[in-house]
Amino acid sequence: MKERIIEEANKLLVEKGYNAFSYKNITEKIDIKTSSIHYHFPTKSDLGIAIIHKHQEAFEHTILKTNEKTPIEKINKLFLYYKRLVAEEKVCIVGALTSDINTLDEPLRKELLFFTDKIIQWTNSILEDGQNQKVFKILPNSELKAKQIIASLMAFAQFARIEKNTSDFESMTQMILEELIIK
């Protein structure tokens with residue numbers, strides 16, 4: 001039951017935003033009492049943290065799965081994650097929670113920051129590997145470039161959702177690659 005609650009809450013979060021859903025919305029989706037949700041997640045912040053942990057697990061699995069891949073394959077895997085979100089008219093968990101950042105409890109904010117840092121670190125490591133292997137151009141600051149890439153992916157996922165247009169997303173990821181790859 002705990003996993004179903006997390007799964008349904010995650011759907012509501014990326015569809016509506018953190019502050020726009022309640023435990024009551026979850027009960028309507030999976031036909032349980034709010035007391036059952038409170039048993040597993042005493043506060044909404046606890047549920048938010050559990051959702052982030054679920055995304056962290058999937059993210060860590062992706063890192064392990066791509067460990068032996070080339071920097072280009074790794075960055076394409078990153079693009080694929082956002083491409084799937086765009087196809088499903090969703091936004092990433094970081095983008096969904098960031099829109100409500102000023103109202104999040106401190107433990108949830110810290111968990112979001114930790115997860116965001118992991119995403120940036122992995123993206124940065126891809127860029128550094130690409131530079132070391134002479135696949136990517138030398139960057140003056142690969143960590144800032146990693147943040148720029150993630151920010152671009154998040155923003156374009158939002159634009160695609162607003163405009164109901166996925167074609168620009170493909171062009172944008174191609175532009176990012178063209179900026180990085182040594183020809």
Check your understanding: Pairs under 8 Å by beta carbon, first residue over 18 Å from Ile93 (Cα atoms) and among the small types (Gly, Ala, Ser) in the stretch 13-33, partner outside any loop (DSSP other than H, G, I, E, B) and modelled with pLDDT under 95, six or more apart or different chains?
Key -> none
Practice item. Examine the stretch 70-81 for a residue that is buried (at least 17 other Cβ atoms within 10 Å of the Cβ), part of a helix (DSSP H, G or I) and in contact with a Phe, Trp or Tyr (Cβ under 7 Å, 6 or more places away or on another chain), and state whether such a residue exists. Key: yes
Point to revise | All positions within the stretch 139-157 that are farther than 14 Å from Ile75 by Cα and surrounded by 17 or more Cβ atoms within 10 Å (Cβ to Cβ) | key: Leu139, Met154, Phe156, Ala157
**Study point:** Search result, residues across the stretch 99-119 that are surrounded by fewer than 16 Cβ atoms within 10 Å (Cβ to Cβ) and either in a helix (DSSP H, G or I) or free of Cβ contacts under 8 Å to residues at least 60 places away in the same chain (or both)
**Key:** Ile101, Asn102, Thr103, Glu106, Pro107, Lys110, Leu113, Phe114, Asp117, Lys118
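So that you can scan it fast, the table gives a plain yes or no per residue for (1) over 23 Å from Asn67 (Cα atoms); (2) assigned to a helix (DSSP H, G or I):
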{"site": "Leu127", "(1), (2)": "no, yes"}
{"site": "Ile138", "(1), (2)": "no, no"}
{"site": "Ala146", "(1), (2)": "no, yes"}
{"site": "Leu153", "(1), (2)": "no, yes"}
{"site": "Ala157", "(1), (2)": "yes, yes"}
{"site": "Ile162", "(1), (2)": "yes, yes"}
{"site": "Asn165", "(1), (2)": "yes, no"}
{"site": "Ser171", "(1), (2)": "yes, yes"}
{"site": "Met175", "(1), (2)": "yes, yes"}
Point to revise | Leading residue by the ranking (surrounded by the fewest Cβ atoms within 10 Å (Cβ to Cβ)) among those in the stretch 83-97 that are over 17 Å from Lys54 (Cα atoms) and touching a residue at least 40 places away in the same chain (Cβ under 8 Å) | key: Ala87
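Results for (1) closer than 15 Å to Leu104 by Cβ; (2) exposed (fewer than 14 other Cβ atoms within 10 Å of the Cβ), shown as yes or no for each residue.
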residue	(1), (2)
Ala20	yes, yes
Asp31	no, yes
Ile51	yes, no
Ala58	no, yes
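The values are calculated or read from the model by the stated rules, or taken from the named source; none is laboratory data. Remember, predicted model here, so these are calculated numbers, not experimental data. Cβ: placed from backbone, ideal geometry, glycine included. Neighbour counts: every protein chain shown.
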